[in-house]
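Working notes, beginning with the structure itself.
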Amino acid sequence: MAYQLLIFEDNSRLRQSLELLLNDETNFQVAGSYPHCDDAAKWVKKYDADLVIMDIDMPGIGGLEGVKQIKNANPEVKVVMHTMFDDDSRIFDSICAGADGYMLKNTSPLQLVNALQEVMLGGAPMSPFVAQKVFQHFRNNNTVNEKFDLTPREKEILELLVKGNSYKMIADKSGVTIDTVKKHLQNIYHKLHVNCGTEAVAKALQHKIIKLD
């Protein structure tokens with residue numbers, strides 16, 4: 001069954017091109033496309049969308065706020081940013097807002113299709129230049145060893161997060177509710193001095209806070 005896809009892009013020509021490229025009804029079915037994302041969460045719910053392509057610089061609330069609204073309404077919906085911006089702040093703001101992938105608009109059509117398929121399989125696709133910036137950022141932000149005083153339960157939750165589990169999967173594997181998972185993560189972020197899951201994962205790996213198999 002084809003994934004239900006929504007496109008948010010204010011450039012009408014590009015929006016139409018994306019529709020023609022992706023609406024193959026085998027892998028993806030474009031349920032709707034819009035020049036702004038002011039009502040993104042409502043449209044995601046209306047069409048029971050699986051996947052969203054989101055521009056950043058659009059009229060109205062803009063793509064970053066659009067991602068936040070979508071993820072707050074339904075965290076399981078995958079959101080891939082599709083933008084011309086390759087500066088560090090836009091990349092990390094998008095990741096912290098909840099984006100699952102970050103592709104530049106100069107990406108070839110085939111690469112874009114492959115990236116969308118990858119994200120639906122649990123991957124986190126990024127254009128090569130963007131991935132290079134992400135890794136460079138973490139390499140340049142190594143900090144001295146610190147004592148974080150995570151509880152055994154917090155370490156368990158953090159390990160599951162590092163391994164790519166969603167909130168729901170963490171809750172199932174830990175035998176707790178999603179709200180409890182969120183409370184644990186808030187405590188973890190506070191103790192690690194970070195603002196989002198991506199930063200927490202990076203810090204966990206840098207400081208070897210958790211052990212991976």
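Results for (1) modelled with pLDDT of 85 or more; (2) surrounded by fewer than 18 Cβ atoms within 10 Å (Cβ to Cβ), shown as yes or no for each residue.
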site	(1), (2)
LYS105	yes, yes
LEU110	yes, yes
GLN117	yes, yes
MET120	yes, yes
ASN142	no, yes
LYS147	no, yes
LYS155	yes, yes
LEU158	yes, no
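A count restricted to segment 45-55 and to residues that are buried (at least 24 other Cβ atoms within 10 Å of the Cβ) and farther than 13 Å from TYR3 by Cβ stands at 2. Against the criterion of being closer than 27 Å to ASP179 by Cβ, at pLDDT below 90, surrounded by 21 or more Cβ atoms within 10 Å (Cβ to Cβ) and out of contact with any Cys (no Cβ under 8 Å at 6 or more places or on another chain), ASP100 qualifies.
Looking only at residues of segment 188-211 that are under 11 Å from LEU158 (Cα atoms) and surrounded by fewer than 18 Cβ atoms within 10 Å (Cβ to Cβ), we find that the one that is modelled with the lowest pLDDT is LYS211. Can you say whether GLY63 is touching a helix residue (DSSP H, G or I) at 6+ places or on another chain (Cβ under 6 Å) and buried (at least 18 other Cβ atoms within 10 Å of the Cβ), as far as the supplied structure shows? No; evaluated as a whole, the condition is false for this residue.
Only a single criterion out of (1) touching a helix residue (DSSP H, G or I) at 6+ places or on another chain (Cβ under 6 Å); (2) in contact (Cβ under 8 Å) with a residue 60 or more places away in the chain is not satisfied by ALA31, namely (2).
If you scan segment 122-140, which residues turn out to be β-branched (Val, Ile, Thr) and modelled with pLDDT of 75 or more?
Step one: filter segment 122-140 for residues β-branched (Val, Ile, Thr), giving 130, 134.
If the condition is that a residue be β-branched (Val, Ile, Thr) and modelled with pLDDT of 75 or more, then VAL130 is the only one that fits.
The values are calculated or read from the model by the stated rules, or taken from the named source; none is laboratory data. This one's a predicted model, so the numbers in the text were calculated from it and none came from an experiment. Cβ coordinates were reconstructed from backbone atoms using ideal geometry, including for glycine residues, and neighbour counts include every protein chain displayed.
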